[in-house]
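Okay, so here's the structure we're looking at.
The values are calculated or read from the model by the stated rules, or taken from the named source; none is laboratory data. Keep in mind that what you see is a predicted model, and the values were worked out from it rather than measured. Cβ: placed from backbone, ideal geometry, glycine included. Neighbour counts: every protein chain shown. Calculation scope for accessible area: heavy atoms of the full protein, side chains included, ligands and nucleic acids excluded. Shrake-Rupley method; radii C 1.70, N 1.55, O 1.52, S 1.80 Å.
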Amino acid sequence: MKHQYYYSLMSKKLCIAIFLLCVIFPLSSYSQKKKESVKVDKWLISSAIDYNLPAFSKEKNLKGKTFSNTDILKSVRFPSTIFKYKGEGKGESANYSLSKYEGQFKSSSDRSIQFLTSYLVIDQFSKVNAKVKTEMPFQLFLDGNIIKTVEKPSRKKPKDISLTLEPGKHQLILKVLSEKKGLSLDCSFEVSDIDKKSFTFFPTLNPERYMDMDLLVNGVRLYDIDISPKGNYVLLFYLKTYPKTGKVERWTELRNVSDNRMIQRFCKNEKRFGWKPDTDELSYEVNIAKVHKLMLLNVSDLKLKEIYQSDKKFSAYRWSPKGDFIILTTSEKFSSRKDGIKFFDGLEDRWPWWRNRSFLRYIDVNTGTMYPLTVGHLTTSLQDISPDGKRILFTQSKPHYTERPFTEQFLFEMDLSSYSIDTVWKKDFGASSVSYSPDGENLLILGGPATFGKIGMNVDKDQVPNDFDIQAYVYNLKEKKARSLTLEFNPKILNAKWSKTDGNIYFLTEDRTYNYVYKYNSAIRNFSKLDVGQDIVKRVSFSDTGSNFAFIGESISSPAIGGIYDLDTETFTILSEPEKEDFDDVRFGLTEDWNFVNERGDKIEGRVYYPPNFDKNKKYPVIVYYYGGTSPTTRTFRGRYPKNLFAANGYIVYVLQPSGATGYGQKFSAMHVNNWGKTNALDIIEGTKKFLAEHSFADSTKVGCMGASYGGFMTMYLVTQTNIFSAAISHAGISAISSYWGEGYWGYLYSTVASANSFPWNNPGLYVKQSPLFSADKVNTPLLLLHGGADTNVPFGESIQFYTALKLLNKPVEMIEIKGQDHHIIDYKKRILWQKAILSWFDKNLKNQDKWWDNLFPEKNL
């Protein structure tokens with residue numbers, strides 16, 4: 001069997017045209033408009049792959065049929081890289097060549113299969129009809145999916161094949177049986193002769209593509225990383241999503257840092273990995289016949305032993321610094337009444353999980369004996385174990401409704417020899433993270449600006465700080481005093497590690513639209529950025545005694561990689577690029593920063609995504625994207641609202657960071673408090689107008705806007721304030737601040753920051769005037785409302801009531817419920833349809849292309 005492939009440019013005589021696609025016009029227009037036949041005249045063709053019929057092929061099977069050539073056609077698969085074309089002489093094989101087709105395909109064998117491919121590019125939704133003529137059985141594939149199997153073709157009568165094409169680039173593959181006598185093929189399709197300038201279609205041999213739905217949701221992802229205590233080994237966590245079904249496969253790789261050699265691969269049965277301190281031993285949980293075991297693997301010799309087992313589940317565990325014991329976190333479920341009646345015991349009791357409790361257990365590693373450390377009626381959360389292994393820190397919290405933030409946190413320190421407890425603090429504004437210093441005398445605290453009162457606040461006198469803007473503090477246990485480390489440091493703190501190797505503190509931060517790693521030099525008290533070559537550091541794991549850390553990073557136009565940063569040399573090496581091959585042929589458009597100074601004198605940062613084939617002499621529709629709440633829209637590669645995908649579909653995407661965002665300093669983030677869209681909207685409107693004025697290629701008559709959650713609220717609010725947008729999308733938006741405050745699972749808690757000390761009874765102006773529902777009569781922009789039907793963060797009713805108002809007012813509005821989905825659309829198939837709804841809505845309103853939308857949501861005439 002031959003496995004060498006070569007490329008062939010097909011002559012216009014024999015356009016095996018696997019079709020197609022070029023026919024970018026709907027079938028409904030064929031009967032009304034003049035049609036012309038179009039052939040695909042460029043193809044890549046593989047050399048013939050010879051085959052033999054299997055043994056007993058002439059005998060009838062249980063269905064009374066013998067094995068045929070068609071059965072071979074159906075069973076032989078082609079590798080995904082068979083048509084990886086890099087140009088003449090630049091393919092994966094040095095023997096790639098180009099030649100012209102001169103009549104028929106010749107085979108050296110009586111039986112062989114050949115693959116032909118071409119790519120088609122279109123910029124709008126279409127249904128087309130391909131015509132294929134050949135005397136041999138064939139299969140037609142579109143984007144890897146089989147469209148048609150023709151077992152009995154006719155050379156005289158072409159086979160009609162209907163195709164539905166969404167905007168983008170498509171690969172056509174024809175798998176065909178051929179014989180020694182030769183193979184003759186002809187493929188064409190009909191194009192309606194109307195408005196040819198209104199769309200783009202062309203066949204090509206170049207596999208270069210743009211960001212698309214397949215690249216967005218399918219393939220391999222690197223999602224977590226964990227380095228060993230000595231920095232010698234690293235765990236890499238992967239998942240792979242399979243097309244069509246959305247099924248996910250997960251695995252973990254154990255690699256040697258020095259040579260990137262894989263030592264072992266763990267599959268789905270192993271989970272909750274953890275490194276034993278100061279060793280190269282790796283622990284993990286396995287569940288066998290409802291027995292939960294903790295195993296310990298010696299990486300150097302791969303010897304495995306069991307250190308603990310129980311019939312009860314545990315949710316987390318942590319090794320002691322000396323590796324002699326483990327603190328286990330176990331959960332206990334509360335038994336509910338079976339009569340369907342629930343008496344609510346406080347606001348938090350609305351949460352289905354609220355009555356479940358977690359407690360701490362002590363496991364002696366040498367004996368496997370387990371001792372309970374905490375019990376009672378409040379959940380216990382382990383924060384840290386002291387460096388000498390003699391004490392632990394844990395927190396409890398309980399409702400405290402008399403003042404903001406309506407919860408009270410207790411931080412306790414327990415002496416493990418006596419189980420005696422000291423209360424470190426009892427405070428309203430608690431910490432999100434607490435850990436010991438290397439010497440055990442201080443605590444590293446992460447919390448909001450109000451955690452320790454004014455010492456952490458850096459705002460103007462008339463401002464209330466934004467307590468989502470996480471700061472870092474050092475707290476002296478003996479003196480019971482705290483000092484701020486980040487008072488003059490603008491980035492928001494995401495994570496922190498106090499190194500016992502060099503005594504410095506390392507921070508993962510949200511720095512404007514970037515996520516960077518910073519080193520805080522404890523001796524001279526200054527910050528320095530560590531360059532890992534990525535826009536966004538998503539995960540970071542520091543070795544305990546080594547001089548390196550592992551990270552996962554990605555950039556605005558490149559997917560996630562895993563790497564190691566050497567703190568001594570200040571250089572990094574890449575360990576894993578799981579998506580490199582998938583994106584070898586993907587072309588992204590230019591991205592650039594575009595900022596402006598608003599009327600208040602504040603600098604508002606933004607950036608622009610251009611289409612890959614951008615031409616400054618053309619006019620492009622524009623999508624304005626914002627979160628508008630307290631978090632900036634960072635330079636993540638994908639995300640739920642993939643700007644690269646929008647740009648690939650022919651849009652200029654303008655992303656801006658309105659006032660109130662974290663990562664820009666406390667004074668900027670404090671603008672979020674008690675504002676609810678007021679200054680956000682001014683920034684978005686002013687920025688959009690200035691952007692359009694400065695960019696002649698941006699079509700000011702075709703501008704859309706979109707946001708989600710607080711950004712969905714911003715969309716609703718914006719369309720009550722301005723008519724500059726031609727279309728708008730709100731996902732999971734808030735239409736009435738008061739109903740969200742009272743109904744959302746976290747509504748009243750989020751409002752302790754966003755609406756600090758403001759309530760419907762003491763500040764009705766905020767709750768009414770800033771709520772889009774009360775200005776619904778001012779909406780004139782076509783608005784699409786998207787919402788998960790099971791959203792517990794922002795209840796579905798927020799979209800329903802705005803939809804109701806706009807419908808009664810006869811305003812242009814549509815609404816889509818994604819049933820069974822919460823605040824994020826997680827279900828594979830529903831997410832794809834949700835993304836298509838977004839794109840088709842903008843195509844309909846910003847490109848005057850309504851066929852895709854109408855195909856997804858045909859009119860019912862109910």
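Here are the numbers for this structure:
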item	result
Angstrom value of the Kirkwood radius, inverse mean 1/r, which spans all Cα pairs in region 337-450	16.2 Å
Angstrom value of the Kirkwood radius, inverse mean 1/r, which spans all Cα pairs in region 212-366	18.4 Å
Cα coordinate range in region 582-628, projected on the principal axes (Å, largest first)	44, 28, 16
Interchain or long-range residues, amide H under 5 Å from Ala316's placed H	Thr329
Reachable lysines from Lys461, criterion Cα separation under 22 angstrom, eight or more residues apart if same chain	Lys492, Lys603, Lys667, Lys678
Dimensionless Rg/Rh of region 718-759 - Kirkwood Rh, Rg from C-alpha atoms	1.09
Under the Karplus curve 6.51 cos²θ - 1.76 cosθ + 1.60, θ = phi - 60°, whole-Hz ³J(HN,Hα) for region 685-697, x wherever Gly or Pro sits	5, 5, x, 5, 5, 5, 4, 5, 5, 8, 10, 5, 7
Per-residue SASA entry for Glu441, accessible area with 1.4 Å probe, Å² rounded to 10	110 Å²
Rounded to the nearest 20 debye, dipole of region 399-457 from Cβ charges on Lys, Arg, Asp, Glu	320 debye
Mean projected area in nm² (Cα convex hull; one quarter of hull surface) for region 594-741	8.6 nm²
Derived scalar couplings ³J(HN,Hα) [region 455-470; Karplus, 6.51 cos²θ - 1.76 cosθ + 1.60; whole Hz; x for Gly, Pro]	5, x, 9, 9, 10, 6, 4, 8, 9, 9, x, 8, 7, 7, 7, 5
Distance between region 475-501 and region 511-532 - C-alpha centres, whole angstrom	13 Å
Sum of side-chain charges, Trp741 neighbourhood, beta-carbon under 14 Å (Lys, Arg +1; Asp, Glu -1)	0
Euclidean distance of C-alpha centroids, region 535-559 and region 129-164, integer Å	49 Å
Cα lying deepest toward the dipole's positive end in region 524-615, options Asn595, Val608, Ile574, charges on Cβ	Asn595
Cα gyration tensor shape of region 789-862, rounded if a/c is under 1.5, else prolate or oblate by comparing a/b with b/c	oblate
Centroid-to-centroid separation of region 842-862 and region 611-664 [C-alpha atoms, Å]	23 Å
Dipole in debye (nearest 20) - region 754-827, about Cα centre, beta carbon charges: Lys, Arg +1; Asp, Glu -1	340 debye
The chain - convex hull of the alpha-carbon atoms, volume per residue in Å³	225 Å³
Three-way shape call for region 390-520 based on the alpha-carbon gyration tensor, with the a/c threshold at 1.5	oblate
Burial ranking of peptide ranges 258-268, 504-514, 702-712 (average Cβ count within 10 Å, highest at the top)	702-712, 504-514, 258-268
Sorted peptide list for 330-337, 462-469, 318-325, 294-301, criterion being average Cβ within 10 angstrom, highest first	462-469, 318-325, 294-301, 330-337
Cα-centred dipole magnitude for the chain, charges only on beta-carbon of K, R (+1) and D, E (-1), debye, nearest 20	3220 debye
Cα Rg, Dmax, region 739-862, angstrom units	16.7, 50
Summed side-chain charge close to Ser417 - residues other than Ser417 whose Cβ falls under 14 Å, Lys, Arg +1, Asp, Glu -1	-4
Listed residue (Asn674, Ala732, Ala708) projecting farthest to the positive dipole end of region 652-733, Cβ model	Asn674
³J(HN,Hα), Karplus 6.51/-1.76/1.60, whole Hz, each residue of region 287-296, x for Gly, Pro	10, 10, 6, 6, 9, 9, 10, 9, 10, 10
Lys/Arg +1, Asp/Glu -1 at C-beta; the chain dipole; positive extreme among Ile685, Thr380, Gly765	Ile685
